[in-house]
Structure formats: C-alpha cells, structure tokens
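Structure record follows, encoded as structure tokens.
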Amino acid sequence: MIKIWIGRRETDVITYKPVYFDYTITYYGSNEFPNYTYVTENRKGIKYDDDFYKFVINCLDSRIQITENFELYFYNGRISEKLAIIRPDLKKSFRNCNSYDLLNWLNNKAYTRLWLSNLVQVPPFTLLSKPECVYNELNYKFKSYEQFIIQYNYSSGGDGTFLMNATNESFIRNKLSLYKPYLVSPYIEDAYSACCHVIIGAKNCIIFPIGLQILSKDMKYKGTTYNLPFELKKKIKMINKFIENISDSLAQVGYRGICGYDFLVNEDDIFLIEINPRYMGSSYLMNKVLYENNLPSLFELNDNAFQNKTDSWIKYKSKISKLDICYTSYAMYYTGDASISELPTYDSIYFDGFALASSYDPNVYLYSYIIRNK
C-alpha cells in the first residue's frame, strides 16, 4: 500500500527513519523525489488556497500517478476537508481523519474555551469586533491588567495574534479586520507558556513530556524547549492530571489521534489556552527523540489510536512520559535577511527548500534547526 503525506513541511516527516511515507506533498520542502513542494522560488506564507489544492491534485494524478492502492495522510485534518470537497473520489483513501464538524468545533478558540471551562481553568476572555478592541475599554473590562492578547478566533502558530498595550493601540488596531471576531484575554504576567503532545485513544491516551514555547515579542511561535525550570517540574503531576481531564473529554466526543494543547502555568494555576487538533510545530523534534529511544513514531501511534489498537501502548506510555528531551527546536522567519551565517552550533538543521527561494514574503518561514541543550 502506497502511503502519501500531505502537509506543511517536509521536515515534519523526515526525522524518524525509515520515513513512514512513500511520497510527501508539502507546502515547503526540498522538492527532491519523493517530495513534491508547492512553494519554490517565491517563498510565501502558508495559505491553503485553490492553487495549493490544484497542485496537490496534479501531484497525485500526474506526478505520482496514484493507483487504487494508496492512502492519504494529513498534517492537519482541515486540509483533508477541503480536498474532499474538490475531489470527493479521493475521500475513500483518507486515513486517520476526525469528523470535520468536530475539527471545526475544536479549531474555534472561543467555543473550545467556553466548553472546557466547565472542566479546567481558562483565562478570562471575551469575543469582540475591531471597534470594540479599544485599550481603555479592555483595561476597564479586565481590571488590574495592562496588556491584552487579541487573536483571530481561528489561527495557529501565533498568526493573527497581537499583544496590545497602552503604547501600541493604534498600531495593533490598524492590523485588525472589521470582518472577523477576535478572542480577547488579559496578558497573564509571570506565567510559563507550555505545550504538550497527546495521542488519544478510545479508552486511554499517551501524554508526552511538557515543553515550553519560545515566542517572539509579537507572539509568533519560534520554537519549543523541553529544558524545564525546577518550579515547573514540581507541578508535573498536577499538569498531567489537567491534560488527562481534557483528553478524556475529547475522547468522549469521538476525537482520536494526535493533538496538542497550549496552556499557561503560573505559581497557582494552569489555564488552557487552546486545543490544536493536528500535529504540532515541534512534532518533528518529538519524532527525532522517539527514534533515538527506539520507540514508535507519532505516525504509528496515531494509526494505533484510529485503528483501536492501543493495547500495545501499555509498554510505551511510561517510557514516553519520562523521556529526557535534551533538545530545543527553533523555526526561523524572514525579517529582511535570509543569511544563515549567525546560527549557533546545531545538532540538526532542516532547510525545507530554503535554498530554492529567490524572494520572500515578510515574516515567511525559512528553515528549522535543533540544538542540544547544555
């Protein structure tokens, strides 16, 4: 059976050997067989538009020349949803896809917070239009806070996320659209921005080690480190219980497979920020660590969850939860200079077709690398 991956970056699949897929069709990548890359010379930000899907279909029909014996796997279920609309005949070959209704629910940040606020703590939040995103009004609504997170109700990786304070109100408001609702929360000081991978089965789940997100000043995702401070390590049992509670709720509504949670941890509380019903920005790093420890890949474990073959997890769960991840991952973006001369000493680097590019969109993804923690 031919396995084909459709997703964001070639890097997401190549850190576990042998590569689980026979072909990969990606937004960014080397464009070297067996990878087919959408963006080459003109490096632009990810936008899964009609042209991207035409490219995917062309790859399947003309380049790979698919037969009846193939399976399609996805970085993000939302890609499969659009592809099914354009080419319904392909849907029978989709693998490991959750219900589209469920994915749309979980990708809605406001719905998800409102629902899970019955189970765990979430930050104070409200849903506002652009005209309502006024600093003085936010300051009055969320008393004792001086900065506010404003984000698209649907977004990922920090895209569409803004940090408003008293000095940049006009600048931020100029970036907002009149035609989108915004999820608005106070910025919680002195809190760790944490994340984790989870794979959810019908009756149990695998919880991976907790990571800390590395964010830019404008709240864009830049990487993940698993080098946790002592005060966070003391809270691991409490954090894992928090994760188990959310995972049990997702399992009950039929969610299966890989998922990511973003949450804040401060001295007293844990606040759920959002659910990411897909692979994560640091999944390639997690696969590297699983490979180095002779453990199954995320892809294999994800298959287990959908096929209801989770009995084998008994021998893996404890090992995975206790993994010592001695790496930090970084994603680099274009800020006017595409030079790589000032990179620190890295363990691994993944260019995702960076050398193919001759022009760059502002803040577009360039490449990723992993360093070994000291």
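The values are calculated or read from the model by the stated rules, or taken from the named source; none is laboratory data. In this text the structure is predicted, and so the values were computed from the model without any measurement. All Cβ positions, glycine included, derive from the backbone under ideal geometry; neighbour counts span all protein chains shown. Surface accessibility is based on the protein's heavy atoms, side chains included, excluding ligands, DNA and RNA. Shrake-Rupley method; radii C 1.70, N 1.55, O 1.52, S 1.80 Å.
Compute the Cα gyration tensor for the stretch 1-135, then decide on rounded, prolate or oblate, letting a ≥ b ≥ c be the square roots of its eigenvalues: rounded whenever a/c is under 1.5, prolate when a/b is larger than b/c in the other cases, and oblate in all that remain. Judged from the Cα gyration tensor, the stretch 1-135 comes out prolate (a/c at least 1.5, a/b above b/c).
Dipole magnitude for the chain: computed about the Cα centre from +1 point charges on Lys and Arg Cβ and -1 point charges on Asp and Glu Cβ, it is near 600 debye. Taking Lys and Arg as +1 and Asp and Glu as -1, the other residues whose beta-carbon sits under 14 Å from that of Leu232 total -1. How big is the antiparallel share of DSSP beta bridges in the chain, given as a percent to the nearest 5? Rounded to the nearest five, the antiparallel share is 75 percent. Close amide H pairs (under 5 Å, H built 1.01 Å from N) link His197 with Phe208, residues at least 5 positions away or on another chain.
Between the stretch 222-247 and the stretch 106-148, the alpha-carbon centres lie 23 Å apart. The mean accessible area for residues of the chain, using a 1.4 Å probe and ignoring ligands and nucleic acids, is 48 Å² per residue. When the chain is treated as a GNM with alpha-carbon contacts under 10 Å, the residue of Pro34, Pro186, Pro344 showing the greatest mean-square fluctuation is Pro344. Restricting the trypsin sites (Lys or Arg not before Pro) of the stretch 1-95 to loop positions (DSSP other than H, G, I, E, B) with no more than 12 neighbouring Cβ atoms within 10 Å leaves Lys47. Net charge of the neighbourhood of Asp262, taken over other residues with C-beta under 13 Å away and scored Lys/Arg +1, Asp/Glu -1, is +2. Among Cys205, Cys259, Cys59, the largest mean-square fluctuation in a Gaussian network model of the chain (Cα springs under 10 Å) belongs to Cys59. Between Glu231 and Glu300, the contour length at 0.36 nm per residue exceeds the Cα-Cα span by 21.5 nm. Label the stretch 27-106 by shape, choosing from rounded, prolate and oblate, from the square roots a ≥ b ≥ c of the eigenvalues of the Cα gyration tensor; if a/c is under 1.5 it is rounded, and otherwise prolate applies when a/b is larger than b/c, oblate when it is not. Oblate. Spin-label pair Asn153-Asn293: with each label point 7 Å from Cα along the Cα-Cβ axis, the two points sit 3.9 nm from one another. Beyond a 31 Å Cα-Cα separation, which of these cross-linked pairs lie in this structure: Lys82/Lys317; Lys203/Lys237; Lys17/Lys234? Checking Cα-Cα distances, Lys82/Lys317; Lys17/Lys234 exceed 31 Å. Taken one residue at a time, the phi angles of the stretch 312-329 give Karplus couplings (6.51, -1.76, 1.60, θ = phi - 60°) of 5, 5, 4, 7, 10, 4, 5, 4, 5, 5, 9, 4, 8, 9, 9, 10, 10, 9 Hz. Gly and Pro are set to x. When a/c is below 1.5 the answer is rounded, else prolate if a/b is larger than b/c, else oblate, so apply that to the chain with a ≥ b ≥ c taken from the square roots of the Cα gyration tensor eigenvalues. Since a/c stays below 1.5, the shape of the chain is classed as rounded. Within the stretch 142-229, the GluC sites (Glu not before Pro) that combine a DSSP coil assignment with at most 11 other C-beta atoms in a 10 angstrom radius are Glu189.
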